[in-house]
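The values are calculated or read from the model by the stated rules, or taken from the named source; none is laboratory data. Owing to the predicted nature of the structure, the values given are computational and were not obtained by experimental measurement. Backbone-built Cβ (ideal geometry, glycine too); neighbour counts: all protein chains shown. The accessibility values were calculated without ligands, DNA or RNA, using every heavy atom of the protein model including side chains. Shrake-Rupley method; radii C 1.70, N 1.55, O 1.52, S 1.80 Å.
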Protein chains: 2
Amino acid sequence: MQRLAQRPQSVTDLAAELPISRPAVSQHLRVLKRACLVTDRPVGTRRIYEVDRDGLAALRRELDQLWGATLDNFKRIAEQAEQEQS
Amino acid sequence: MQRLAQRPQSVTDLAAELPISRPAVSQHLRVLKRACLVTDRPVGTRRIYEVDRDGLAALRRELDQLWGATLDNFKRIAEQAEQEQS
DNA sequence: AACTTACGTAAGTGTCAGCTTACGAAGTCG
DNA sequence: CGACTTCGTAAGCTGACACTTACGTAAGTT
């Protein structure tokens with residue numbers, strides 16, 4: 001994702017920058033695609049992947065919300081423990 | 001952690017509320033103790049565990065900071081992708 | 001048409017987290 | 001002291017994950 005955030009890239013180019021094999025990159029991309037975090041388009045024999053802006057934004061919103069709820073719980077538990085101490 | 005946040009409890013009592021065995025609970029508690037998230041004290045043959053307020057607060061601070069940094073990166077990448085689109 | 005490049009997928013493998021059962025240690029109570 | 005409770009730990013199992021190699025396919029090249 002970080003690499004793709006820099007610029008759209010082919011599978012082989014991505015694998016060249018990473019310490020894993022090309023098929024491994026394909027498998028990662030398959031998951032990311034299914035999660036709507038990347039999109040791909042064929043260009044000749046190659047296949048260019050790039051980040052899916054909409055999917056990324058949606059994930060961000062969900063994470064924001066989840067983190068807010070988690071933090072609220074966290075705060076509540078911590079304050080509750082603190083209160084029972086005193 | 002949620003159970004312990006309600007009230008300090010023994011290992012057996014905790015295991016009774018959870019879908020796993022008593023030794024499994026012990027193993028979880030060992031990790032939590034090593035992470036300074038719970039404390040324990042012997043009471044007769046039993047051993048009462050409770051949340052470590054200080055450790056929990058420290059974790060909260062670290063998570064707040066980490067999440068802030070992560071969100072900044074996230075925002076930067078998203079806005080960068082958005083900008084290159086237009 | 002033959003060859004090359006780029007890719008996806010299937011099949012196999014190593015590793016690890018998390019669980020279980022079995023056992024031993026420490027404390028309590030008759 | 002002996003029986004009982006509570007707990008920790010060791011040993012072993014299992015499923016999932018992430019990777020690899022091998023192979024088949026589609027598109028471009030000579």
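Within the range B:63-74, one or more residues are exposed (fewer than 13 other Cβ atoms within 10 Å of the Cβ), at pLDDT 85 or above and more than 11 Å from chain A (Cβ to nearest Cβ). When A:VAL38 is tested against the conditions (1) crowded, with 18+ Cβ neighbours inside 10 Å; (2) away from chain B (no Cβ under 14 Å); (3) more than 7 Å from DNA strand C (Cβ to nearest atom), the lone failure is (2). Can you find, within the range A:11-32, the residue that is nearest to DNA strand C (Cβ to nearest atom) among those that are open to solvent by 100 Å² or more (accessible area, probe 1.4 Å) and of a type in the set (D, E, K, R)? Restricting to residues being open to solvent by 100 Å² or more (accessible area, probe 1.4 Å) and of a type in the set (D, E, K, R), the top hit is A:ARG30.
Look at A:LEU29 and say whether it is aliphatic (A, V, I, L, M) and within 14 Å of another protein chain (Cβ to nearest Cβ). Can you show your working first?
Working: aliphatic (A, V, I, L, M): yes; within 14 Å of another protein chain (Cβ to nearest Cβ): no.
It is false that A:LEU29 is aliphatic (A, V, I, L, M) and within 14 Å of another protein chain (Cβ to nearest Cβ).
The number of residues in the range B:53-62 that are open to solvent by less than 60 Å² (accessible area, probe 1.4 Å) and more than 9 Å from chain A (Cβ to nearest Cβ) comes to 2. Contact map, the range B:9-28: first residue without any contact (Cβ under 8 Å) to a residue 24 or more places away in the chain, second residue open to solvent by 70 Å² or more (accessible area, probe 1.4 Å) and near DNA strand D (Cβ under 8 Å from one of its atoms), Cβ cut-off under 9 Å, separation 6 or more or different chains; pairs are B:ASP13/B:ARG46; B:ALA15/B:ARG22; B:ALA16/B:ARG22; B:ARG22/B:THR12; B:VAL25/B:THR12.
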